[in-house]
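Okay, structure first, notes after.
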Amino acid sequence: MKNGAKLTDLNPSWWKETIVYQIYPRSFQDSNNDGIGDLRGLINRLDYIAELGVETLWLNPIFSSPNDDNGYDISDYRNIMDEFGTMEDFEELVREAKKRNLRILMDLVLNHSSDEHAWFHQARKSKDSPYRDYYYWKESTENGQEPNNWVSYFAPSAWEFDEQTQEYYLHIFSRKQPDLNWENPQVRQEIYDIMHFWMNKGIDGFRLDAFVLISKDLDFPDCQESDLEEGLSRFYGNGPRMHEFLQELHQEVISKYDMMTVGEGAGINSEEAILFTDPQRKELHMIYHFDHMTIDKQPGQFFLLKDFDLTTFKKIITDWDQVVQEGGWNAVFLGNHDFPRILSRFGNDGVYKKEAAKLLCILLLTQRGTPFLYYGDEIGMSNVPWESLDKFRDIYVFDGYEKHLKARGSEKEFLQNLKHTARDNGRTPMQWNTSLNAGFTDGLPWIEVNPNFEEVNVETSLSDPDSILNFYKKMIQFRKSNSILVYGDYQDLCPEHPSLFIYSRKMKDEAILVVLNMSEKTEEYSIPNTLKVEKCIISNYHGLPKKVDQILALRPWEARIYEASLVKL
Ligand code: NOJ
């Protein structure tokens, strides 16, 4: 171990040290030219992933699905989606990944199934079906209304009336994603069995989709706010049996394997988070939070932008670091399949795109917590310039459009915002080379390729020593060989500055100083006298500064890492 520090008390674990690479299989690599990425395509790209240096893959759902929400509506949890291939392909993927020391996390959708799942087919047949209680059913109110006023993410109401049995079923997401009733012990047992099934296939863990929703307030009170985020944490989810369910899941499944679980913690705040990841409580290994994901959005609005404020962003990171200080653990991410591209959102996809992409790479890989990289960010993929609705594919966009028109009436405003907020920005095909469809498919891609692929692609990046991709490779190795970056204490050194993000990571008497200028202006920073800064070891501009001045002048989007030691005053 470098840095001469000891890791006592830090409970070192592979899942803390690993670097995760998230793949949206639909958009990664197509092998049969149907325009949809698949497992064989992914197998063919494993060498690329291994050479990048990451160690764990998270695959968005690959189970059988009618794809109302791109796989987050599962119709058979023990089968592979037709478009993605077969179980034999999956088994080969696991074998080939293991040969390259790559671990695999599956994406387990445990709050809802598809309405095309056999359970739901049975459940909706009659009120007496043994599967009826796998889902939430309610009668209409006395005056013939929905059971309560809950809004769905992908529909106007979270309740859908079922003609056959004359009751409503609950769906927090689309009508085709009925919520599973975790109060029913049989449902919980089904989920545990499914988890064992996949663990026995040789995977290394799960990302738990929308786990916050599994325990609900069974009084089903009306939601007082129109704010969905607020609804999520106070009404729809995080209910009274949440921790009990997770502890049972831990005992039934997690405790039996050397595995990793990461919960998608939308609606969880930093004070509650420790309850989920404190190892003594035996729940999950880590959760990832959404506090920084709502920072540039108008309250309760997924599609409407507001200005990004760096001081708020820094405060969120500091607050969440408290979870680690108290013995829990965090996942660290800047983007995924539910958000636009990080370069366009937190960086600069114009003149400083190369510098900004490298800066974000430093930011992600020098935080405390397990870093999650999202496919394509390593080559600097950015948002798409689409002007019309027909380019988009996401159910959330179409529902958002209807809701927006009803509430505000302006199509123009919605489309303008979509360019910066739509999830499809982050779902376009991986850009491999300059050939047809960026080398993703010879067929018609299910979603258009970003037109910038001739400039931004893997092949071109590999041959450029100064590329974003080669910088990612260097930073990944740097993180892997410096455990101070995994475990060392985190401190924000200038929380109030509107465009500089300066922080230290410390272990024993050693430190690493990270200086990031997240603006297009040159900014100055005085190194505090508590740190003795030795030398600059990484920079996103050409050449490393030879000498260390006490006052640093940082050029637009400049990022540097310094080796330092602590000064005892
Ligand atoms: C969270 C997933 O990340 C998102 O893509 C999906 O739409 C919802 N959960 C519903 O499963």
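Data for the structure
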read-out: Diffusion coefficient, µm² s⁻¹, Stokes-Einstein with Kirkwood Rh over alpha-carbon pairs of segment 422-472 at 37 °C and 0.692 mPa s; value: 286 µm²/s
read-out: Positive-pole candidate from S157, F120, S140, dipole of segment 118-170, charges at beta carbon; value: F120
read-out: Table column - 3J(HN,Hα) (Hz), segment 554-560, Karplus curve with 6.51, -1.76, 1.60, x for Gly and Pro; value: 9, 6, x, 6, 7, 9, 9
read-out: Whole-Å semi-axes of the chain's equivalent ellipsoid (Cα gyration tensor); value: 39, 26, 25
read-out: Local net charge near M87, Cβ-Cβ under 12 Å (Lys/Arg +1, Asp/Glu -1); value: -4
read-out: Estimated FRET transfer efficiency when R0 is 30 angstrom, pair Y541-L566 (beta carbons, to 0.05); value: 0.65
read-out: Simple label model, 7 Å out from Cα along Cβ direction - S13 to D162, nm; value: 3.8 nm
read-out: Heavy-atom SASA rank of K532, K358 (probe 1.4 Å, accessible area, largest first); value: K532, K358
read-out: Between 0 and 90°, nearest 10: helix 185-199 axis offset from the chain longest Cα axis; value: 50 degrees
read-out: E88 versus R100: modelled label distance in nm, points set 7 Å from Cα along the beta carbon direction; value: 2.2 nm
read-out: Debye, to nearest 20: dipole size of the chain, +1 on Lys, Arg Cβ, -1 on Asp, Glu Cβ; value: 2320 debye
read-out: Accessible area, probe 1.4 Å, largest first, for residues E558, E146; value: E146, E558
read-out: Charge dipole of segment 383-499 about the Cα centre (unit charges at C-beta), most positive-ward option of V384, N450, S499; value: S499
read-out: Heavy atoms of F161 accessible to a 1.4 Å probe, total area in Å² rounded to 10; value: 70 Å²
read-out: Spacing of the two label points (7 Å from each Cα toward its C-beta) at A50 and D549, in nm; value: 4.7 nm
read-out: Solvent-accessible surface (1.4 angstrom probe) belonging to T421, in square angstrom, nearest 10; value: 0 Å²
read-out: Per-residue HN-Hα couplings for segment 201-218 [Karplus 6.51, -1.76, 1.60; θ = phi - 60°; Hz; x = Gly/Pro]; value: 7, x, 7, 10, x, 9, 9, 9, 5, 6, 4, 4, 8, 5, 10, 10, 6, 6
read-out: Given charges at beta-carbon only (K, R positive; D, E negative), |dipole| of segment 195-309 in Debye; value: 520 debye
read-out: Mean separation of Cα contacts under 8 Å, 6 or more apart, over the residue count of segment 493-566: relative contact order %; value: 37 percent
read-out: Global form of segment 493-566, assessed from the alpha-carbon gyration tensor, a/c cut-off 1.5; value: oblate
read-out: Ratio Rg/Rh [Cα only; Rh per Kirkwood] for segment 118-170; value: 0.98
read-out: Gain in span if fully extended, N184 to D258, counting 0.36 nm per residue against the direct Cα distance; value: 23.9 nm
read-out: Rounded if a/c under 1.5, otherwise prolate or oblate - segment 300-390, Cα gyration tensor axes; value: prolate
read-out: ³J(HN,Hα), Karplus 6.51/-1.76/1.60, whole Hz, each residue of segment 294-310, x for Gly, Pro; value: 9, 4, 10, 10, 5, x, x, 10, 6, 9, 9, 7, 9, 5, 6, 10, 5
read-out: Computed lengthening from E139 to D309, 0.36 nm per intervening residue step minus Cα-Cα distance; value: 56.7 nm
read-out: Segment 230-326: GluC sites (Glu not before Pro) falling in loop per DSSP and having at most 14 other Cβ within 10 Å; value: E326
read-out: Estimated 222 nm signal from helices in the chain, with DSSP H stretches of n ≥ 4 weighted -39500 (n - 2.57), rounded to 500; value: -8000 deg cm²/dmol
read-out: Accessible-area order (highest first, 1.4 angstrom probe) of the listed residues T294, T522; value: T522, T294
read-out: Antiparallel bridges, percent of DSSP beta bridges restricted to the chain (to nearest 5); value: 60 percent
read-out: Y401 - accessible surface, heavy atoms, 1.4 Å probe, Å² rounded to 10; value: 40 Å²
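The values are calculated or read from the model by the stated rules, or taken from the named source; none is laboratory data. Every value quoted in this text rests on a predicted model; they were computed, and no experiment measured them. Don't worry about glycine lacking a Cβ; one is built from the backbone with ideal geometry, like all the others, and counts go over all protein chains shown. Keep in mind that these areas ignore ligands, DNA and RNA; they rest on the heavy atoms of the full protein, side chains included. Shrake-Rupley method; radii C 1.70, N 1.55, O 1.52, S 1.80 Å.
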